[in-house]
1. Which loop trypsin sites (Lys or Arg not before Pro) in region 1-104, with loop taken from DSSP, have no more than 11 other Cβ atoms within 10 angstrom of their Cβ?
2. Determine the dipole magnitude for region 8-108: charges of +1 sit on the beta-carbon of Lys and Arg, -1 on that of Asp and Glu, nothing else is charged, the reference point is the Cα centre, and the result goes in debye to the nearest 20.
3. For region 8-108, just the Cα set please: Rg and Dmax, both in angstrom.
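Coordinate-derived values only; no laboratory data. The model shown is predicted, which means the values in this text are computed figures rather than measured ones. Every residue, glycine as well, gets a Cβ built from its backbone with ideal geometry; the counts of neighbours run over all protein chains shown.
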Amino acid sequence: MPVVQECSDLVACCGLYCGACRSYLSGKCKGCGKNAKATWCKVRSCCSEKGTKTCAGCTEFTNPNKCRKFNNIMSKMFGLIFKSDRAACIEQIRRLGVAGHAKAMTEAKAQTIKRGSRLL
């Protein structure tokens, strides 16, 4: 499997890091930002409408978990299966910026911050 590479463009709108995703690394996916078929993603659509790269740029919700688009049934299932804390990813993006988040996730070789932990 290819090595996880640092790239800000691989930070998904919801805070996940596509650069460490198995589907991306195996060539099965281009990453959320380049996946034109991901019209089903409410987070991606919302960020596009608001002109923000990620939910970290949202001024409507300081806590992304209060947003129904961010905290929907699909994200809850993903969070349960992968022990993912996407809100922690958004907090990290707010603290470090998108490039800093990409760097931290690359160093950790992680697609997400696991619940109960913090990378930085």
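1. Those that pass, being in a loop and sparsely packed, are Lys28, Lys37, Arg68.
2. Values: 18 positive and 6 negative charges, 59 e Å.
Roughly 280 debye for region 8-108.
3. 12.6, 36
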